[in-house]
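Visitor: Just passing along the structure, written as structure tokens.
The values are calculated or read from the model by the stated rules, or taken from the named source; none is laboratory data. These numbers were taken from a predicted model, which means no experiment stands behind them. No Cβ is skipped: glycine too gets one built from the backbone with ideal geometry, and neighbour counts run over all protein chains shown. The area values use the complete protein model at the heavy-atom level, side chains included, leaving out ligands, DNA and RNA. Shrake-Rupley method; radii C 1.70, N 1.55, O 1.52, S 1.80 Å.
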Amino acid sequence: MEKKYRILLAEDEAKLATAIKEELTRVGYDVDVAKDGLAAEKLFQENNYSLALLDINMPGKSGIELCSEFRKSSARLPIVMLTAMGEIHDKVEAFDVGADDYLVKPFHFDELFARLKVLFKRTDMPASQEKLVYEDLEIDFKQKSVTRSGIAINLTSKEFTLLTLLLRTPERVISKQEILEKVWDLSFDTGTNTIEVYISFLRNKIDKPFDKKLIHTKPGFGYYIK
């Protein structure tokens with residue numbers, strides 16, 4: 001691993017926290033462990049992290065509360081939620097406060113590694129292309145910022161990646177399968193409505209405050225910018 005990434009792991013199950021830390025350390029990550037929400041909050045305030053792994057149910061402060069706080073401090077920090085529940089409303093709540101991804105416990109470490117790899121890969125943008133502009137919408141890769149009509153729009157890491165995919169080839173319909181492969185690094189449809197949820201998030205931020213709508217759906221085919 002060329003670049004050293006530092007991860008904040010907030011998990012109150014001691015054995016699981018130890019196992020996750022050992023596996024992440026084995027493949028080259030630096031990991032700080034917090035055994036409750038308040039400890040995680042303190043670590044976050046004292047250090048700079050490349051990514052946060054947050055258990056949803058923790059004493060002190062929940063992972064949902066932490067995710068909301070962390071997102072307000074950093075729009076770009078990748079945040080992955082760990083949950084034993086697997087209920088769709090918990091996932092949607094996590095996405096709603098700014099989570100980039102989630103894993104349902106128990107999970108395979110290879111799946112965790114794959115999710116982290118995708119999230120970290122998004123931090124490396126080609127220097128040859130610093131900006132994407134379409135109509136009044138602009139993505140600045142150097143600043144990792146998005147504006148429309150000069151108004152700053154705060155996106156999560158995954159929203160940023162999804163918008164970038166759509167904006168690289170405006171007016172081309174991009175299928176759900178291509179979105180799954182390029183944004184979630186999945187070669188198959190998981191059967192969830194994750195893509196629809198994220199498109200809704202983008203529309204609320206990119207389209208809703210403005211008269212002209214840019215994000216469109218072609219039923220049965222996919223999504224496009226026009």
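Visitor: What is the helix-to-structure angle for 63-73, meaning the angle in degrees between its Cα long axis and the longest Cα principal axis of the chain, kept from 0 to 90 and rounded to the nearest 10?
Guide: 60 degrees
Visitor: Mind checking which of GLN45, TYR5, SER62 is farthest towards the positive end of the stretch 1-73's charge dipole, using Cβ charges of +1 (Lys, Arg) and -1 (Asp, Glu) about the Cα centre?
Guide: Of the candidates, TYR5 comes out farthest on the positive side.
Visitor: Would you mind working out the magnitude of the charge dipole of the stretch 1-121 relative to its Cα centre, with +1 at each Lys and Arg C-beta and -1 at each Asp and Glu C-beta, to the nearest 20 Debye?
Guide: 460 debye
Visitor: Tabulate in residue order the Karplus-calculated ³J(HN,Hα) for the stretch 203-215, using 6.51 cos²θ - 1.76 cosθ + 1.60 with θ = phi - 60°, rounded to whole Hz; enter x for Gly and Pro.
Guide: Per residue, the Karplus-derived 3J(HN,Hα) values read 4, 4, 8, 8, 9, 3, x, 10, 5, 8, 8, 10, 9 Hz.
Visitor: Mind telling me which of SER175, SER149, SER74 comes out most flexible in a GNM of the chain, alpha-carbon contacts under 10 Å?
Guide: Looking only at SER175, SER149, SER74, the biggest GNM fluctuation is shown by SER149.
Visitor: Still on this model: Between their Cα atoms, which of LYS4/LYS61; LYS61/LYS117; LYS61/LYS142; LYS131/LYS218 are more than 32 Å away from each other?
Guide: Those over the limit are LYS61/LYS142.
Visitor: For the chain, find the longest principal axis of its Cα atoms and tell me its angle to the long axis of helix 14-26, 0 to 90°, nearest 10.
Guide: With both axes taken from Cα atoms, the answer is about 60 degrees.
Visitor: So what's the angle, to the nearest 10 degrees on a 0 to 90 scale, between helix 37-46 and the longest Cα principal axis of the chain?
Guide: With both axes taken from Cα atoms, the answer is about 70 degrees.
Visitor: Amide H of LEU103 versus every other amide H placed in the peptide plane: which residues, excluding those fewer than 5 positions away on the same chain, fall under 5 Å?
Guide: Close amide H contacts, sequence-distant or interchain: MET81, LEU82, THR83.
Visitor: Give, in nm to one decimal, the length gained when the segment between ARG26 and ALA152 is fully stretched (0.36 nm per residue of separation minus the Cα-Cα distance).
Guide: Length gained, ARG26 through ALA152: 41.4 nm.
Visitor: Give me the percent of accessible area attributable to carbon and sulfur for the chain, probe 1.4 angstrom.
Guide: Solvent-exposed carbon and sulfur of the chain make up 51 percent of the total.
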